[in-house]
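The values are calculated or read from the model by the stated rules, or taken from the named source; none is laboratory data. Every value quoted in this text rests on a predicted model; they were computed, and no experiment measured them. Here Cβ is always computed from backbone atoms with ideal geometry, including for glycine, and neighbour counts include all displayed protein chains. For accessibility, only protein heavy atoms count, side chains too; no ligands or nucleic acids. Shrake-Rupley method; radii C 1.70, N 1.55, O 1.52, S 1.80 Å.
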Amino acid sequence: MSEAIWITGIGLASSLGEGVEVHRAALRDPTARPVVDAASFAPFPIHPMPGLAFDAQIPKKGDQRQMEPWQRLGTYAAGLALDHAEARGLVGEMHLLVAAGGGERDVALDEAICAELAALPPEQAGPLLNERLANGLRPTLFLAQLSNLLAGNISIVHGVTGSSRTFMGEEAAGAEAVRIAAARLAEGRGEVALVGGAYVAGRWDMLLLHAASGGLWRGDWALLGERPGGGMVTGSIGAFLVLETERHARGRGAPCLARLMAVRSGAARRQGEDSARASAAALAEGLALRPGHAVVSGASGMPEPLAEERAFLAGLPEPGPMHFTADLLGHGVEASFPASLALGALALAEGLAGQALVTGFGIWRGEALALLEAA
């Protein structure tokens with residue numbers, strides 16, 4: 001990067017709670033256990049939404065009501081990041097880059113339609129489905145599902161009025177949002193950016209989608225490395241970062257939480273063994289890794305990408321402590337990479353290492369690496 005990029009603010013809300021201190025404490029304590037809800041969506045454990053006083057960051061009840069839960073969580077975390085960076089006065093010049101998934105479905109309506117269709121022969125089911133979709137879904141439901149509404153809500157609630165970009169594509173969306181935010185700042189096309197994403201795990205629509213592919217862990221929660229055959233436990237996470245050029249941050253006296261030295265992403269076809277590992281190895285070329293660097297892994301728990309990530313990490317020189325974001329927070333899909341960066345920055349601030357390599361191997365596609373250095 002031609003211009004040094006600093007992380008000056010972290011907004012993190014997860015099942016552990018909100019803010020940097022609760023997550024810093026979890027990193028300090030090797031015996032820390034996550035918050036898990038094993039009953040509400042059994043047989044699939046999840047890391048649930050924390051109890052948040054949304055009024056603190058989203059003061060208007062009308063704004064809260066028109067947001068879906070993942071939008072409220074993301075807007076809340078974005079406000080935490082702005083406060084942590086003491087950057088409320090910079091929102092007029094701040095770029096906004098958001099990683100977002102699809103909107104939440106009306107599960108009750110889905111169930112009612114499916115119950116009707118189940119009793120009909122195929123030739124009658126099709127026309128009825130079209131009728132129900134045309135007449136049963138409210139127009140406002142479609143509007144609420146728009147992925148770029150998270151960015152819109154952040155702009156409305158927090159006044160962020162620089163350029164705005166929304167990325168979709170699961171874990172790769174979070175990695176690309178950070179990569180492009182850092183690149184724009186490094187190239188002189190801005191001085192400060194707010195970047196991140198949000199995901200809510202307590203959604204039957206998403207759980208059943210992942211379950212159909214065999215991707216979810218069933219039964220009692222276990223550490224990612226102790227799940228025979230692999231499997232995801234998804235987590236509710238809102239994660240946002242304030243990125244600044246070094247010049248801008250020094251000019252306003254903002255402390256550096258960590259230096260973002262590089263962000264790289266790729267997308268292997270994954271049509272054969274070692275394709276994701278080879279992609280990540282290519283991304284790692286030229287990274288100035290020092291012995292003892294920490295690794296913060298955004299691994300989901302899906303067995304194939306996890307195996308390839310482990311093969312990639314085994315080839316790195318003298319790694320230090322290893323942290324799995326999913327073990328503390330669950331897997332946050334679009335929010336996973338920003339959350340892993342946040343944990344990496346906090347680990348460096350705790351003196352756990354001088355460098356941190358952050359990894360993000362997507363469920364289906366996408367590999368990403370970021371290198372952080374202590375301030």
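So the values come out like this:
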| read-out | value |
| --- | --- |
| Residue satisfying condition, being of a type outside the set (Ser, Thr, Tyr), touching a Lys or Arg at 6+ places or on another chain (Cβ under 8 Å) and not in a helix (DSSP H, G or I), within set Arg270, Arg189 | Arg270 |
| Pairs with Cβ under 8 Å, 6+ apart, first in segment 222-246 and under 30 Å from Glu93 (Cβ atoms), second at pLDDT below 95 | Thr245/Glu3; Thr245/Ala4; Glu246/Glu3; Glu246/Ala4 |
| Selected residue [part of a helix (DSSP H, G or I) and of a type outside the set (A, V, I, L, M)] from Glu104, Glu176 | Glu176 |
| Breaking point among (1) open to solvent by less than 40 Å² (accessible area, probe 1.4 Å); (2) farther than 30 Å from Gly251 by Cα; (3) within 20 Å of the chain's Cα centre (by Cα), for Ala32 | (3) |
| Search result, residues across segment 311-346 that are small (Gly, Ala, Ser) and closer than 17 Å to Val178 by Cβ | Gly332, Ala335, Ser336, Ala339, Ser340, Ala342, Gly344, Ala345 |
| Arg105 vs. criteria open to solvent by 40 Å² or more (accessible area, probe 1.4 Å), modelled with pLDDT under 80 and in contact with an Asp or Glu (Cβ under 6 Å, 6 or more places away or on another chain) | yes |
| Condition met for Gly214 (surrounded by fewer than 19 Cβ atoms within 10 Å (Cβ to Cβ), farther than 16 Å from Ala326 by Cβ and not hydroxyl-bearing (Ser, Thr, Tyr)) | yes |
| Scope segment 282-338; condition within 19 Å of Gly235 (Cβ to Cβ), among the hydrophobic types (A, V, I, L, M, F, W, C) and touching an Asp or Glu at 6+ places or on another chain (Cβ under 8 Å); matching residues | Ala299, Val333, Phe337 |
| Filtered residues of segment 222-247 (kept if charged (D, E, K, R) and either assigned to a loop (DSSP other than H, G, I, E, B) or buried (at least 24 other Cβ atoms within 10 Å of the Cβ) (or both)) | Arg227, Glu244 |
| Positions within segment 320-375 being open to solvent by 10 Å² or more (accessible area, probe 1.4 Å), over 11 Å from the mean Cα position of the chain (by Cα) and within 26 Å of Leu216 (Cβ to Cβ), in sequence order | Met322, His323, Phe324, Asp327, Leu328, Trp364, Arg365 |
| Residue within segment 321-333 that is within 15 Å of Ala172 (Cβ to Cβ), acidic (Asp, Glu), outside the structural domain of Ser236 (by TED's automatic domain parsing) and part of a helix (DSSP H, G or I) present | no |
| Selection count where residues are surrounded by 14 or more Cβ atoms within 10 Å (Cβ to Cβ), basic (Lys, Arg) and more than 9 Å from Glu367 (Cβ to Cβ), scope segment 268-289 | 1 |
| Gly188 vs. criteria over 21 Å from Glu93 (Cα atoms) and not aromatic (Phe, Trp, Tyr) | no |
| Residues of segment 44-98 classified as in a helix (DSSP H, G or I) and among the hydrophobic types (A, V, I, L, M, F, W, C), total | 11 |
| Single residue of Ser275, Ser265, Ser297 found to be within 24 Å of the chain's Cα centre (by Cα), at pLDDT below 95 and in the same structural domain as Ser336 (by TED's automatic domain parsing) | Ser275 |
| Selection from segment 146-167 of residues that are assigned to a loop (DSSP other than H, G, I, E, B) and touching a helix residue (DSSP H, G or I) at 6+ places or on another chain (Cβ under 9 Å) | Leu146, Gly159, Val160, Thr161, Gly162, Ser163 |
| Where Asp55 falls short, out of the listed (1) modelled with pLDDT of 95 or more; (2) open to solvent by less than 30 Å² (accessible area, probe 1.4 Å); (3) acidic (Asp, Glu) | (2) |
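Every residue, every condition in (1) closer than 26 Å to Arg65 by Cα; (2) not aliphatic (A, V, I, L, M), yes or no:
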| site | (1), (2) |
| --- | --- |
| Asn130 | no, yes |
| Leu133 | yes, no |
| Arg179 | no, yes |
| Ala198 | yes, no |
| Gly202 | yes, yes |
| Arg218 | no, yes |
